[in-house]
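Written below as structure tokens is the structure these notes are about.
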Amino acid sequence: MTSSDTAHDALPDVLCGPLLRRLAPDRLTLWLVGSRSLELTLMVRPEGAPPRRLSLGEERLKCLPLGRHAWLHLIDVSLATPLPTGVPIAYDLKIDDAPSEPGIADWAPHLLHEGAAHPDFVLATRHHRLLHGSCRKPHHDGPDGLVRADAWLAERRETPEERPAWLLMTGDQVYADDVAGPMLAAIHALIRRLELFDESLEGATVADSQALYVADTTYYRREALLPDIESSAALRERFFGGVRKPVFTSANAHNHLMTFAEVIAMYLLVWSPTPWQIIAPVTPRLDDVQTALFGKEEAIIERFVAGLPAVARLLAHLPTLMIFDDHDITDDWNLTADWEQCAYEHPFSRRILGNALIGYLLCQGWGNDPERLAPLVAESGELLGQARERDGWLDRTAQDALIQRLLRFPGWEYRIPGDPPLLVLDTRTRRWRSERNPKRPSGLMDWEALTEMQQALLGAPAVIIVSPAPMFGVKLIEGIQKLFTLAGRPLLVDAENWMAHRGAASVMLNIFRHSRTPGNYVILSGDVHYSFAYDIRIRHRQAGPRLWQITSSGIKNAFPDTLLDWFDRANRWLYAPRSPLNWFTKRRRMAVTPRDPDRAKAGERLWNGSGIGLVDIDAEGRPQAIRQLDARGFDVDFPPPLSSPGAAATEAESPPSPARS
């Protein structure tokens, strides 16, 4: 027996998962990664009914190799007899080709709640309650909102009607561009342990992935891997130049993930405790400054890993939908037309972005809309299958061809039917590029994408919209972003908001003002690293849509406290009800009324702290309750604004708007 065979025998059958993805009474989709290609049987047992045994043949189970000892399992089961709604449905995954057909209780007992024999889920009769959040950065020094959500769910195990219909992860599920040194060391250890696929690299100072992993610059200095030529200097400025952003945040792009194997390892390490148990990361050679930073990050990562059993349990009990934002791929992804030209014209940066997008397709996107993404998954499977036959190396030509298809793919958005329906927007790849200046921010959606959104909304009595970036944000922060854009520095402040592009903002606002848009619209967002809620109506109109902007961010991230407090207070002063500055905002025809968090200081409207949002939706599609489950262990309510004459002033209660916007 070879050493590789010995290593394989020591590996657990399942490395990550199962994750519940898109579930319906007549269809179940689950995601997991095993150390080998597994023969599985899915068992489901609704409460009060006999169990069903569902064999998973080739039509129901797709296995894609990720390395010598890593296989992605995509489970997609259509049911001739629908499952019931509103009751707990226990489930199990039996490994048929292992001794005694072990189930989840045997190979992943951490997925079970105390006293339970199996994990379970509930298929909601309507979208009555939703958990939602974004921005989960492992090395943020704070608690994990997904751990808080697991504890909250455990308290309600016996009341299925209280379970959320979905867990909505609205962006930045991973930080491919902002990786702690200890996390990168764990990624490399897992790549070695699982023998994840290698790849050749074009346009870098290293020839391939193996050379990258051992390069002296691979920790905290990855920008040095770009060749030192004029075009690459521009690339470094765009792609890695966002290292320090003094106005809003700071990001560490020096450990940016680059290879497909690094991206896959990252997903496994942020969703499951099991991979951490099979590796022994090695501390790399570092200078004194880097050593100090590595040690600080290591303590934070250890606390992050301690919460992973709870995170995995949550993902095994709640059906989960996801959509990318920038950090899933890279910071400021497609911010401007100039950024796009610079990033995509270089083969190495295009590969970096493409590898992250392949990872998103396989680990996030597929579970949102399996049918629509099936052709892309099949092409990925061909690439990965060839690598297995090529001694573990991805074919460069085929890999680049797949990346080109993904970069041009127009269908990442999706719609979930229900009451009310869910409309999840792609605000990253269908951008409305500035016609005036390629260095100015692109609109978050182009005219065609916005037209499609309008068709989905017209005549609908109620819709829940997921927009990764808030459609209605904090006006002062948007104003500062506008000033930096006028100064030619949009990259310094992440000038990505719906109001940053005149055309996109105008079309979006006109959609909601359309006479055939009479319903209730709840907009769920993240991105900004603080949480807030607005009630929005159209001015001078008796009938018309009512909108609610509900933002929850981050799951494990937060805004600098002092800076956010200053922004919050300055925003209230500068954009008071009678402030003339309101005349200059694009949304002056909308009355925007903030909700004050019940735990905030007097006058504060923005809540800062890691956690996850919880919103209850009534039968008319209106938010009945808006809460933030703070990861520190308490709830924050956003009660409706007062309707009395002394009510809190609306953020945008400006003088009557002019005839034209």
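The values are calculated or read from the model by the stated rules, or taken from the named source; none is laboratory data. The shown structure was predicted, so the numbers you read here are calculated from the model rather than taken from an experiment. Cβ: placed from backbone, ideal geometry, glycine included. Neighbour counts: every protein chain shown. Surface areas here come from the heavy atoms of the whole protein model, side chains and all, with no ligands, DNA or RNA. Shrake-Rupley method; radii C 1.70, N 1.55, O 1.52, S 1.80 Å.
Tell me which aspartates and glutamates have Cα within less than 17 Å of Lys94's Cα, excluding those fewer than 8 residues away on the same chain?
Cross-link targets: Asp13, Glu39, Glu58, Asp76, Asp106, Asp120.
Could you grab the relative contact order for the range 123-184? Cα pairs under 8 Å, six or more apart, rounded to a whole percent. Display every interim value, and only then the final one.
Details: 54 pairs, mean separation 34.9, N = 62.
Relative CO of the range 123-184 lands at 56 percent.
Based on the Cβ-Cβ distance from Arg405 to Arg516, what FRET efficiency comes out when R0 is 35 Å, to the nearest 0.05?
Efficiency, from the Cβ-Cβ distance: 0.45.
Which GluC sites (Glu not before Pro) in the range 134-236 sit in a loop by DSSP (not H, G, I, E or B) and have at most 16 other Cβ atoms within 10 Å of their own Cβ?
Passing both the DSSP loop test and the Cβ count: Glu155, Glu158, Glu202.
Loop-only GluC sites (Glu not before Pro) in the range 361-466, please: DSSP not H, G, I, E or B, and at most 14 other Cβ atoms within 10 Å.
Taking the range 361-466 and a limit of 14 other Cβ atoms within 10 Å, the loop GluC sites (Glu not before Pro) found are Glu435.
Applying 1/(1 + (r/R0)^6) with R0 = 41 Å to the Cβ-Cβ distance of Ser78 and Ala207, what FRET efficiency is obtained, to the nearest 0.05?
According to the calculation, E is roughly 0.35.
So, by mean Cβ neighbours within 10 angstrom, what's the order for 306-313, 97-104 with the highest one leading?
Descending packing order for the listed peptides: 306-313, 97-104.
Order of 436-444, 550-558 by packing, highest average Cβ count within 10 Å first?
550-558, 436-444
Would you please give the residues with an amide H less than 5 Å from that of Asp208, counting only those at least 5 places away or on a separate chain, with H modeled from the backbone geometry?
Leu201
Would you work out the relative contact order for the chain, in percent, from Cα pairs under 8 angstrom that are 6 or more residues apart?
15
Tell me, what ³J(HN,Hα) does each residue in the range 516-533 have, in order and in whole Hz, if you take phi through Karplus 6.51 cos²θ - 1.76 cosθ + 1.60 with θ = phi - 60° and put x for Gly and Pro?
Result, ordered by residue: 9, 10, x, x, 9, 10, 9, 10, 9, 9, x, 6, 8, 6, 8, 10, 6, 9 Hz.
Over the range 1-146, what relative contact order in percent results from Cα pairs under 8 Å that are six or more residues apart?
Relative contact order, the range 1-146: 21 percent.
Taking amide H positions as placed 1.01 Å from N in the peptide plane, with prolines and chain starts having none, which residues 5 or more places from Ile465, or on another chain, fall under 5 Å of its amide H?
Correct list: Leu423, Val522, Ile523, Leu524.
Label 7 Å along Cα→Cβ of Glu237; the range 440-474 residues with amide nitrogen under 16 Å?
440, by backbone N distance to the label point.
Can you give me the distance in nm between label points at Trp107 and Arg502, each placed 7 Å from the Cα along the Cα-to-Cβ direction?
Rounded to a tenth, the inter-label distance reads 5.9 nm.
Need the full-extension length gain, Glu452 to Ile229, defined as separation in residues times 0.36 nm minus the C-alpha distance. One decimal, nm.
Values: separation 223, 0.36 × 223 = 80.28 nm, distance 4.25 nm.
That works out to 76.0 nm of additional length.
Using unit Cβ charges (K, R positive; D, E negative) and no other charged atoms, how large, in debye to the nearest 20, is the dipole of the chain about its Cα centre?
Dipole size: approximately 2820 debye.
Separation of the range 121-200 and the range 297-369 by C-alpha centroid, Å?
Centre-to-centre distance over Cα atoms comes out at 11 Å.
Separation of the range 385-432 and the range 22-54 by C-alpha centroid, Å?
If you average the Cα positions of each part, the centres end up 25 Å apart.
What aspartates and glutamates sit close enough to Lys296 to cross-link, taking a C-alpha to C-alpha distance under 15 Å and skipping anything fewer than 8 places away on the same chain?
Asp141, Asp287, Asp288
Name the residues whose placed amide hydrogens come within less than 5 Å of the amide hydrogen of Ile329, ignoring near sequence neighbours (fewer than 5 apart) on the same chain.
The answer is Ala176.
Using each residue's phi in the range 387-393, evaluate 6.51 cos²θ - 1.76 cosθ + 1.60 at θ = phi - 60° and report the 3J(HN,Hα) Karplus result to the nearest Hz, with x for Gly and Pro.
Computed from phi, the couplings for the range 387-393 are 4, 4, 7, 9, 6, x, 10 Hz.
Go ahead and run the numbers for FRET between Leu286 and Ala619, Cβ-Cβ distance against an R0 of 41 Å, rounding to 0.05.
Taking R0 as 41 Å, the efficiency between Leu286 and Ala619 is 0.10.
Could you point to the residue in Ile358, Thr330, Gly381 farthest towards the positive end of the range 329-394's charge dipole, with +1 and -1 charges on the Cβ of Lys/Arg and Asp/Glu respectively?
Toward the positive end, the furthest listed residue is Gly381.
Tell me the label-point distance for the pair Arg436, Ala398, using the 7 Å Cα-to-Cβ offset, in nm and rounded to one decimal.
4.8
Given a 1.4 Å probe and every protein chain left where it sits, what share in percent of the accessible area of the chain is carbon and sulfur?
Answer for the chain: carbon and sulfur cover 52 percent of the accessible area.
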